[in-house]
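Student: Got a structure here, written out as structure tokens. Questions coming.
Bear in mind these aren't lab numbers, they're just calculated from the coordinates by the rules spelled out. Being a predicted model, the structure only gives us computed values, none of them experimental. All Cβ positions, glycine included, derive from the backbone under ideal geometry; neighbour counts span all protein chains shown.
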Amino acid sequence: MSIIPRSTVTVIHNPIAGNGRARRKFEATMQALRRLGARITLLETNAPGHARDLARECAARPPEEQPDILAVAGGDGTLNEAANGLAGSNTALATLPGGSTNVFARILGFPDDSVDAAGVLLDAIDARSIQRIGLGAVEGRYFLFHCGIGFDAAVVEQVERRGPWKRWAGHPLFIYAAVDTWLRRIDRKNPPLRVVGANGEELTRGFFTILMNANPYTFLGNRPFDIVPELTLDDPLAVVTLEQIRLRSLIPVAVSAMGPGDVRKRRHVDVRTGIRSVVIECDPPAPYQVDGDHLGASKRLRVTWTPEHLSLVVPQS
């Protein structure tokens with residue numbers, strides 16, 4: 001296996017992220033890239049938002065100075081920042097999974113192990129397997145795979161408040177936060193969200209809405225939460241709203257998403273596809289998140305989709 005001789009891979013990473021095991025894994029991944037023939041340039045982040053700034057600076061360089069590939073060795077949050085820095089440019093984004101869940105890398109088909117993913121990445125670079133994909137955006141912040149408004153964003157907020165535990169506890173922490181949020185932190189009787197279409201018509205009301213740029217929505221262990229299986233990165237957004245949040249509604253939806261069923265056949269689930277623009281009105285203000293990063297709360301959120309807005313390295317079929 002070899003890569004195009006002129007190719008270099010510029011890697012964005014956080015030198016203090018994770019524990020000692022995570023750092024050793026990062027070093028092993030870099031060694032694997034070099035062993036397979038890649039020329040590596042490292043860019044280190046030092047604060048939230050720095051990955052976006054570094055990516056934007058790379059894309060703004062003269063063409064002869066731009067990196068062939070800009071890879072992110074980290075989780076979905078860092079990858080999202082880099083995507084926001086590269087959106088609209090010709091610099092290709094790649095992922096080397098290094099977070100606690102690595103949802104987007106798994107959606108693309110990369111191995112969850114970063115050393116294994118390094119070989120797959122270089123094979124893709126060698127084959128020039130680069131795809132131009134569409135991006136969703138909420139109030140100007142792009143997202144790669146989803147934006148959640150309402151309940152799931154409240155869960156993400158609780159997880160982020162326990163930041164040091166996220167890498168150690170992983171999925172159990174998310175389950176705990178989901179149960180705690182459902183029991184103590186939301187109104188389960190009065191739907192706070194109103195979904196408004198491009199023409200101003202009300203599409204539905206509900207307790208939380210997921211705007212999906214890719215499927216699955218997330219993973220629990222190795223099991224994907226498939227909500228709109230046919231959705232690809234070439235398609236406009238799918239908008240999924242849960243109109244009820246009682247257990248008798250949530251459990252069948254979760255079972256269908258993790259099994260052979262179709263969530264669209266469940267009651268109190270509204271699914272719209274082919275959406276390029278939508279507004280979510282929230283009373284009271286609802287929390288929202290993009291690609292697993294909590295961004296705050298708002299009373300009104302405009303979500304749009306832009307086609308062919310990011311170059312992305314994808315594994316060969």
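Student: Pairing the Cα long axis of helix 247-258 with the longest principal axis of the chain, what angle in degrees results, from 0 to 90 and rounded to the nearest 10?
Tutor: 30 degrees
Student: Return the calculated 222 nm mean residue ellipticity for the chain, to the nearest 500 deg cm²/dmol, obtained by summing -39500 (n - 2.57) across DSSP H runs with n ≥ 4 and dividing by the residue count. List each step's numbers first, then the result.
Tutor: Working: 9 runs with 101 residues, N = 317.
That comes out to -9500 deg cm²/dmol.
Student: Any chance you could list the semi-axes, whole Å, largest first, of the equivalent ellipsoid that the Cα gyration tensor gives for the chain, using √(5λ)? Display every interim value, and only then the final one.
Tutor: Working: eigenvalues 227, 86, 64 Å².
They are 34, 21, 18 Å, listed largest first.
Student: Please work out how much length the chain gains when fully extended from Lys299 to Arg161, using 0.36 nm per residue of separation minus the C-alpha to C-alpha distance, in nm with one decimal. Let's see the in-between values first.
Tutor: On the way: separation 138, 0.36 × 138 = 49.68 nm, distance 2.23 nm.
Result: 47.5 nm gained on full extension.
Student: With the cut-off at 22 Å, report for region 8-128 the share of all Cα pairs above it, as a whole percent. Can you show the working numbers first?
Tutor: Numbers: 1926 of 7260 pairs.
Above the 22 Å cut-off, region 8-128 has 27 percent of its Cα pairs.
Student: May I pose another question? May I ask you to compute the full-extension gain from Arg35 to Val255, defined as 0.36 nm times their residue separation minus their alpha-carbon distance, rounded to one decimal in nm? Provide the component values of the computation, followed by the final result.
Tutor: Values: separation 220, 0.36 × 220 = 79.20 nm, distance 4.35 nm.
My answer for the length gained is 74.8 nm.
Student: Count the DSSP beta bridges whose two residues both fall in the chain, then state the antiparallel fraction as a percent rounded to the nearest 5. Before the final figure, lay out the partial values.
Tutor: On the way: 49 of 67 bridges.
Roughly 75 percent of the DSSP beta bridges within the chain come out antiparallel.
Student: What ranking, highest mean first, results for peptides 175-183, 47-55 when packing means the other Cβ atoms within 10 Å averaged over each residue? Before the final figure, lay out the partial values.
Tutor: Working: 175-183: 15.3, 47-55: 17.7.
Answer by packing, highest mean first, reads 47-55, 175-183.
Student: I would also like to ask the following. Under a 10 Å cutoff between Cα atoms, tell me which one of Gly85, Gly259, Gly134 has the largest fluctuation in the Gaussian network model of the chain.
Tutor: Top of the fluctuation ranking is Gly259.
Student: Stretch Val115-Ala47 to full length: gain in nm at 0.36 nm per residue minus the Cα-Cα span?
Tutor: 21.9 nm
Student: Quote the FRET efficiency, to the nearest 0.05, computed for Asn222 versus Glu201 with a Förster distance R0 of 45 Å and r equal to the Cβ-Cβ distance.
Tutor: Working: r = 40 Å, r/R0 = 0.89.
Efficiency at R0 = 45 Å is approximately 0.65.
Student: Further question on the same structure: As an exercise, find the ratio Rg/Rh for region 200-317 from alpha-carbon atoms, using the Kirkwood inverse-distance average for Rh.
Tutor: Radius of gyration relative to Kirkwood radius: 0.96.
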